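Student: The structure follows.
The values are calculated or read from the model by the stated rules, or taken from the named source; none is laboratory data. From a predicted model like this one, the values you see are computed outputs, not experimental measurements. Methodologically, a virtual Cβ is constructed for each residue, glycine included, from the backbone with ideal geometry; neighbour enumeration extends over all protein chains shown.
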């Protein structure tokens, strides 16, 4: 039972440990766990990480019950209607087996792709079809999407798929192939027309005016700006920032204060940090977005007072992970012990993820062998593949990658 739990945990993290367990325990049936991981995308953030088809494909091939698992997955792919992340992962698994010469896998993939036309079936399989059959796959995608566009005139295509495919296949004149096919195929003609119409619409979009103090001030007053991108802050001059900082000091409205702090969470507050530290010391509530952005803004400063504040919060707060990032510029030798204590007490998936980001920010700027224990500890608990990769890079950069992790990442 303990071994199955370890296997389940390893699969959830996308860890190589699952491969070792399979290889060393041939007599134990882990089919249930593999099928669950194949039919449900277990990535922490599937939109950013994508699927784990290659990883699961390897696990299936190591299993003594390979044929039963494959048969089950093909059946699920044909019957599963929703859950786009899980479906696209299943399509990728089918694609891998089709490339291996499994004719049933190819038939299943194309049969499920055709079901995209049926009501109630979540659209899936584009990338898999494209990877499997190249330009012929693209023509099939164009044909099917063309049928969808004829049923729903409000839907549209922008040509992004063709752009990326062309970059990867410079010897193929992608749009020429589509235009040739469109002469005898109404669906592909509709598809191309949608791409053309979308490009014309985008070309008419007016360029926005650059962000200045006056523009941001106006939007803050009207409460029409909420998301502050890095692009916005880059356009602001030092004078703009000083004016915004002085306005922040005079502001009383909670919602407007949060917008100011969103700006200064991306670019350093040009005045003394004391007012921001005061906000960071306020009581945390779920509705208090000020605290989150105050901590982000404070992380751009280095000061003994900030370090002392962090250590006090780490010792007293129920959520010490919120404050760890403040040590990026305020790190001292021996802080790895502080990180280890927090990691050992933290099991919530989101808080583990937040800790991983904070440790990555810290150890990407501070090179020290002290990173080894906390980075390994968070690595073992983390389910996010993207940040697990970042952590491995930190271990390599500091020459402290363990033999165990080195073997796992092969």
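Student: Considering only region 276-290, state which residues are surrounded by 14 or more Cβ atoms within 10 Å (Cβ to Cβ) and at pLDDT 90 or above.
Tutor: Hits for region 276-290 are 276, 277, 279, 280.
Student: Would you point out the residue of region 355-408, among those that are in a loop (DSSP other than H, G, I, E, B) and touching a helix residue (DSSP H, G or I) at 6+ places or on another chain (Cβ under 6 Å), that is nearest to residue 8 (Cα to Cα)?
Tutor: Restricting attention to region 355-408, the residues satisfying the condition of being in a loop (DSSP other than H, G, I, E, B) are 366-368, 382-384, 398-402.
Now restrict to residues that are touching a helix residue (DSSP H, G or I) at 6+ places or on another chain (Cβ under 6 Å): 382-384, 398, 400-401.
Numbers: 382: 14, 383: 12, 384: 15, 398: 31, 400: 27, 401: 24 Å.
Here the answer is 383.
Student: Kindly indicate which of 298, 326, 355 is farther than 21 Å from residue 266 by Cβ and buried (at least 20 other Cβ atoms within 10 Å of the Cβ). Walk me through it before giving the result.
Tutor: Numbers: 298 fails: farther than 21 Å from residue 266 by Cβ; 326 fails: farther than 21 Å from residue 266 by Cβ.
Residue meeting the stated conditions: 355.
Student: I would also like to ask the following. Filter region 33-46 down to the residues that are over 14 Å from residue 87 (Cβ atoms) and assigned to a helix (DSSP H, G or I) and list them by number.
Tutor: 33, 34, 35, 36, 37
Student: Check 314, 276, 259, 306 and return the single one that is within 19 Å of residue 356 (Cα to Cα) and not in a loop (DSSP other than H, G, I, E, B).
Tutor: Answer to the selection: 314.
Student: Can you tell me which residue in region 103-123 is surrounded by the most Cβ atoms within 10 Å (Cβ to Cβ), limited to those that are free of Cβ contacts under 8 Å to residues at least 12 places away in the same chain and in a loop (DSSP other than H, G, I, E, B)? Break it down stepwise before answering.
Tutor: First, the residues of region 103-123 that are free of Cβ contacts under 8 Å to residues at least 12 places away in the same chain: 103, 107, 118-119.
Going one step further and asking which of them are in a loop (DSSP other than H, G, I, E, B), we end up with 118-119.
Values: 118: 8, 119: 5.
Among residues in region 103-123 that are free of Cβ contacts under 8 Å to residues at least 12 places away in the same chain and in a loop (DSSP other than H, G, I, E, B), the one surrounded by the most Cβ atoms within 10 Å (Cβ to Cβ) is 118.
Student: Taking the condition out of contact with any strand residue (DSSP E or B) (no Cβ under 9 Å at 6 or more places or on another chain), within 20 Å of residue 42 (Cβ to Cβ) and at pLDDT 95 or above, does residue 95 pass?
Tutor: Values: out of contact with any strand residue (DSSP E or B) (no Cβ under 9 Å at 6 or more places or on another chain): yes; within 20 Å of residue 42 (Cβ to Cβ): yes; at pLDDT 95 or above: yes.
The answer is yes for residue 95.
Student: Mind listing whichever residues of region 224-242 are out of contact with any helix residue (DSSP H, G or I) (no Cβ under 6 Å at 6 or more places or on another chain) and not in a helix (DSSP H, G or I)?
Tutor: Selection gives 224, 226, 227, 229, 236, 237.
Student: Just wondering, is there one or more residues in region 72-82 that are at pLDDT below 95 and surrounded by 14 or more Cβ atoms within 10 Å (Cβ to Cβ)? Steps first, answer last, please.
Tutor: Step one: list which residues in region 72-82 are at pLDDT below 95, which gives 80-82.
Cutting the leftovers down to surrounded by 14 or more Cβ atoms within 10 Å (Cβ to Cβ) gives us 80.
Yes, the conditions are met somewhere in region 72-82.
Student: Still on this structure, please answer the following. Within region 138-152, can one find any residue that is within 28 Å of residue 41 (Cα to Cα), surrounded by fewer than 13 Cβ atoms within 10 Å (Cβ to Cβ) and without any contact (Cβ under 8 Å) to a residue 24 or more places away in the chain?
Tutor: Scanning region 138-152, I find no residue that is within 28 Å of residue 41 (Cα to Cα), surrounded by fewer than 13 Cβ atoms within 10 Å (Cβ to Cβ) and without any contact (Cβ under 8 Å) to a residue 24 or more places away in the chain, so the answer is no.
Student: Then there is this: Only one of these conditions is not met by residue 269: (1) outside the structural domain of residue 289 (by TED's automatic domain parsing); (2) under 26 Å from residue 303 (Cα atoms). Which number is it?
Tutor: (1)
Student: Mind listing just one residue for me: the one in region 47-68 that is more than 22 Å from residue 82 (Cβ to Cβ) and without any contact (Cβ under 8 Å) to a residue 40 or more places away in the chain and, of those, surrounded by the fewest Cβ atoms within 10 Å (Cβ to Cβ)? Please lay out each step first, then the result.
Tutor: Going through region 47-68, the residues more than 22 Å from residue 82 (Cβ to Cβ) turn out to be 54-55, 57-68.
Narrowing the set further to residues that are without any contact (Cβ under 8 Å) to a residue 40 or more places away in the chain leaves 58, 60-61, 64-68.
Values: 58: 16, 60: 22, 61: 14, 64: 14, 65: 15, 66: 14, 67: 10, 68: 13.
Of everything passing the filter in region 47-68, 67 is surrounded by the fewest Cβ atoms within 10 Å (Cβ to Cβ).
Student: Restricting to region 189-225, name every residue that is under 30 Å from residue 154 (Cα atoms), free of Cβ contacts under 8 Å to residues at least 40 places away in the same chain and surrounded by 11 or more Cβ atoms within 10 Å (Cβ to Cβ).
Tutor: 193, 195, 196, 201, 225
Student: Restricting to region 243-256, count the residues that are part of a loop (DSSP other than H, G, I, E, B) and out of contact with any helix residue (DSSP H, G or I) (no Cβ under 7 Å at 6 or more places or on another chain).
Tutor: Filtering region 243-256 down to residues part of a loop (DSSP other than H, G, I, E, B) leaves 251-253.
Filter once more, keeping what is out of contact with any helix residue (DSSP H, G or I) (no Cβ under 7 Å at 6 or more places or on another chain): 252-253.
The number of residues fulfilling the criteria is 2.
Student: Just to check your reading of the model, which residue among 143, 155 is assigned to a loop (DSSP other than H, G, I, E, B) and farther than 30 Å from residue 234 by Cβ?
Tutor: Details: 143 fails: assigned to a loop (DSSP other than H, G, I, E, B).
Going through 143, 155 in turn, the sole match is 155.
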